[in-house]
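Have a look at the structure below, then the notes.
The values are calculated or read from the model by the stated rules, or taken from the named source; none is laboratory data. Keep in mind that this is a model prediction, so the values were computed, not measured. Here the Cβ positions follow ideal geometry from the backbone for every residue, glycine too, while neighbour counts run over all protein chains shown. Quick note on the areas: whole protein, heavy atoms, side chains included, nothing else; ligands and nucleic acids left out. Shrake-Rupley method; radii C 1.70, N 1.55, O 1.52, S 1.80 Å.
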Amino acid sequence: MNQIEIKNRFSLLLLMGGVACFVLGVSPAISQEVAPSGKPSPSQNSGKTTTTKKIPGPEKLLNGGNFWDHWKYVSEEDKEAKANRNVTWKVVSGGKDQPSILICSGKPYGYIRTQKSYENFRFSMEWMYPNDPNANSGILLFTSGPDKVWPKAFQVQLHRPEAGNVFPTPGSGAKSANGLSPATPLDLPVGKWHKCVLTCRKGTISVMINGVKLGEVTGCEPSKGAIALQSEGSEIHFRNLIVEMLNPEPVVPPKSTVSKPETTPKSN
């Protein structure tokens, strides 16, 4: 055998050896990549499915059908409660393209409360003092216990000189870790609409009036109950009464992480 034939055979052997090494080296990797696709994932093996409780959408307490389907009238002075409730509390048209208005005459003393109880919610509404600069009313939150004047609840004061104050109904048994009294009286002109947003979550009441957060009342007991509006001697108007259910815990957006540029140590 001459040198050329020897050289050709040696090259052929090298080529065949390279092919064999390639097949032996790659095929295990291929099998490792393919195998997992046929195996169930850990979540499939567990047999458990996670479901998220759906929160209902906003609930309108004024424009959503018959008004008295949503509210109950309470007054110790009114012996004919059902007959006279539409005198103390009446719903009127707000005009073209405007929401309906709930007018409270202020007499007799008492309140209306929602038929339902709420926990972890946001209640928003607008109110107006039509003519009395000393007008009085209030919102009662977590209203519970017997229907009487006044019930166990936390009052958000709407009395014009003291609007925004929050405190447990005196003598009712309701308790909180603190109260809320705005440092200065709010500017609430007569004859104009004002907006109140109350966020209630896990026994904390957060108060916002006309876009300004006044503060919070914490440790409220009870922390669940009806929402009520007071009749306290003065005519007052309400509109856009809306309840939105909330998660027990506030949703915190994830913090964005900013990667720092890598620095190379300086050589001495």
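When the residues of the range 210-268 are filtered to those that are hydroxyl-bearing (Ser, Thr, Tyr) and more than 30 Å from Val74 (Cα to Cα), the one that is modelled with the highest pLDDT is Ser256. Restricting attention to the range 154-174, the residues that are assigned to a loop (DSSP other than H, G, I, E, B), open to solvent by 10 Å² or more (accessible area, probe 1.4 Å) and of a type outside the set (A, V, I, L, M) total 7.
A search for C-beta distances below 8 Å between a residue of the range 109-133 that is within 14 Å of Phe238 (Cβ to Cβ) and part of a loop (DSSP other than H, G, I, E, B) and any residue that is open to solvent by less than 70 Å² (accessible area, probe 1.4 Å) and of a type in the set (Ser, Thr, Tyr), counting only pairs 6+ apart in sequence or on different chains, returns Tyr129/Ser234. Of everything in the range 59-102 that is touching a Ser or Thr at 6+ places or on another chain (Cβ under 9 Å), open to solvent by 60 Å² or more (accessible area, probe 1.4 Å) and of a type outside the set (Lys, Arg), the residue that is modelled with the lowest pLDDT is Asn63. When restricted to residues that are within 14 Å of Gly110 (Cβ to Cβ) and open to solvent by less than 10 Å² (accessible area, probe 1.4 Å), the range 129-142 contains 3. Figure legend. Inter-residue proximity from the range 65-77: first residues over 14 Å from Lys90 (Cα atoms), second residues open to solvent by less than 20 Å² (accessible area, probe 1.4 Å) and not β-branched (Val, Ile, Thr), beta-carbon distance below 6 Å, spacing 6+ or different chains. Indicated pairs: Val74/Gly110; Val74/Tyr111; Ser75/Gly110. The set of residues in the range 118-128 being closer than 22 Å to Pro58 by Cα and open to solvent by less than 60 Å² (accessible area, probe 1.4 Å) consists of Tyr118, Asn120, Phe121, Phe123, Ser124, Met125, Glu126, Trp127. Count of the range 136-153 residues, restricted to those that are more than 19 Å from the chain's Cα centre (by Cα) and not in a loop (DSSP other than H, G, I, E, B), is 4. Can you tell me which residue in the range 183-235 is most open to solvent (accessible area, probe 1.4 Å), limited to those that are assigned to a strand (DSSP E or B), within 19 Å of Glu126 (Cβ to Cβ) and of a type in the set (Val, Ile, Thr)? The qualifying residue most open to solvent (accessible area, probe 1.4 Å) is Val212. Scanning the range 91-112 for residues that are within 19 Å of Leu140 (Cβ to Cβ) and not β-branched (Val, Ile, Thr) yields Leu102, Cys104, Ser105, Gly106, Lys107, Pro108, Tyr109, Gly110, Tyr111.
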